[in-house]
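Derivation of every value follows stated rules applied to the coordinates shown; laboratory data play no part. All of these numbers come straight from a predicted model, not from anything done at the bench.
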């Protein structure tokens, strides 16, 4: 059974291999890169050797922020489902500049 670090590296290697592909739309490549980045990070944060349920909230928020960043160029946004009780994502755009 693969370890979390191996799966994270597999995601990284796949991202590297994407460089040789020609996508039919320019939006596809950044989306798939971000999805793989999110998958690798969630694997490390939730199943890695230092994983802790106590840290899940911050890992979940980070993953959702990265997904939101991937989806916005496509015209979508990550928002909590109505009635879920989940908070809206913080606006970190000012922090990125």
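Counting pairs of alpha carbon atoms under 8 Å apart in space and at least six apart in sequence, what relative contact order in percent does region 4-74 give? Each step should come with its number before you reach the end.
Details: 54 pairs, mean separation 27.0, N = 71.
Across region 4-74, relative contact order equals 38 percent.
Region 1-18 to region 42-92: how many Å between their Cα centroids?
20
Per residue and in Å³, how big is the convex hull formed by the alpha-carbon atoms of the chain?
On the way: hull volume 14.2 nm³, N = 97.
Dividing the Cα hull volume of the chain by its residue count gives 146 Å³.
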